[in-house]
Amino acid sequence: MATEKGQKKGKDKWKEKSWYTLVAPNYLGGKELTLTPANGEKDMIGRNIEVPVSDFTGNFKRSSAKITFRVVSCQGTKCDTMFLGHSISDDYIRRMVRRRKERIDMITNIQSTDGFRLAVKIVVVTDGKLTSSKRATIRKVTEDFLHEKTNTMNFQDLSRYIIGEDIANEIVEAAKDVYPIKKIEIRKSEVLGIGTEVESHPEPAPEAPPETVS
């Protein structure tokens, strides 16, 4: 149907949006993460995005792992973010756990010296079957090591440690006298409580799945 003369055209919503540059926190390099459109700063605060861990470590073998960042503040069209956690793809974990391998899953909470609480999910893989006693001992050694290692770290150091490679190697070393670990991964971490770094920014309510940056 022809448009009536004088009828106003609908507004182009995309033209009304501004493009915002999302920046990683300084403790993870301070690099630009992505550009994203929004109607204003209020739409940006609390938005989550996912970025490959390999972008920060330079190790492309870790392309299956992604970091989640949350926008906490904006100045003009530049938005600062904080580390919110990371995750490893289920496909990678399935490939890691093959036939005749024993898998141990565990979850533990850790806390930084500046008041950030994180949940950490760990998967340990060993060769052959384990007795219930060995499984329990591996769990205890892993959790004890993780708590002892991280209880003197602030949130910035803890964020770098969680996504790095040292953590897995050090747990393997700590558990070697109990049972040789074939492979270990911190398959997921998640910030549960926010400490002093962003305490002036209320924690936003859960929202839609994060944007993914390839």
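The values are calculated or read from the model by the stated rules, or taken from the named source; none is laboratory data. What you are looking at is a predicted structure, and each value in this text was computed from that prediction instead of being measured. All Cβ positions, even for glycine, are placed from backbone atoms using ideal geometry, and neighbour counts span all protein chains on display.
Is it the case that region 42-54 has a residue that's closer than 14 Å to residue 23 by Cα, within 13 Å of the chain's Cα centre (by Cα) and outside any strand (DSSP E or B)? Within region 42-54, none of the residues are closer than 14 Å to residue 23 by Cα, within 13 Å of the chain's Cα centre (by Cα) and outside any strand (DSSP E or B). Please verify whether region 120-140 includes one or more residues that are surrounded by fewer than 18 Cβ atoms within 10 Å (Cβ to Cβ) and either within 28 Å of residue 32 (Cβ to Cβ) or assigned by TED's automatic domain parsing to the domain that holds residue 43 (or both). Scanning region 120-140, I find no residue that is surrounded by fewer than 18 Cβ atoms within 10 Å (Cβ to Cβ) and either within 28 Å of residue 32 (Cβ to Cβ) or assigned by TED's automatic domain parsing to the domain that holds residue 43 (or both), so the answer is no.
Looking across region 94-106, just one residue is modelled with pLDDT of 90 or more, surrounded by 17 or more Cβ atoms within 10 Å (Cβ to Cβ) and either assigned by TED's automatic domain parsing to the domain that holds residue 51 or under 22 Å from the mean Cα position of the chain (by Cα) (or both), and that is 104.
The residues of region 80-125 that are touching a residue at least 12 places away in the same chain (Cβ under 8 Å) and outside any strand (DSSP E or B), listed by number, are 89, 91, 92, 93, 96, 97, 100, 112, 113, 114, 115, 116.
Test residue 27 against the stated conditions and say whether it is over 26 Å from residue 188 (Cβ atoms), in contact with a helix residue (DSSP H, G or I) (Cβ under 8 Å, 6 or more places away or on another chain), aromatic (Phe, Trp, Tyr) and buried (at least 16 other Cβ atoms within 10 Å of the Cβ). So residue 27 fails the test.
Out of all the residues in region 51-58, is one or more of a type outside the set (Val, Ile, Thr), surrounded by fewer than 13 Cβ atoms within 10 Å (Cβ to Cβ) and not assigned by TED's automatic domain parsing to the domain that holds residue 141? Checked region 51-58: at least one residue is of a type outside the set (Val, Ile, Thr), surrounded by fewer than 13 Cβ atoms within 10 Å (Cβ to Cβ) and not assigned by TED's automatic domain parsing to the domain that holds residue 141.
When residue 158 is tested against (1) crowded, with 21+ Cβ neighbours inside 10 Å; (2) part of a strand (DSSP E or B); (3) not aromatic (Phe, Trp, Tyr), just one condition goes unmet, and that condition is (2). Looking only at residues of region 12-41 that are in a helix (DSSP H, G or I) and closer than 28 Å to residue 164 by Cα, we find that the one that is nearest to the chain's Cα centre (by Cα) is 28. Condition (residue is within 25 Å of residue 192 (Cα to Cα), over 20 Å from the mean Cα position of the chain (by Cα) and aromatic (Phe, Trp, Tyr)) applied to region 116-139: is it met by at least one residue? Looking through region 116-139, none of the residues is within 25 Å of residue 192 (Cα to Cα), over 20 Å from the mean Cα position of the chain (by Cα) and aromatic (Phe, Trp, Tyr).
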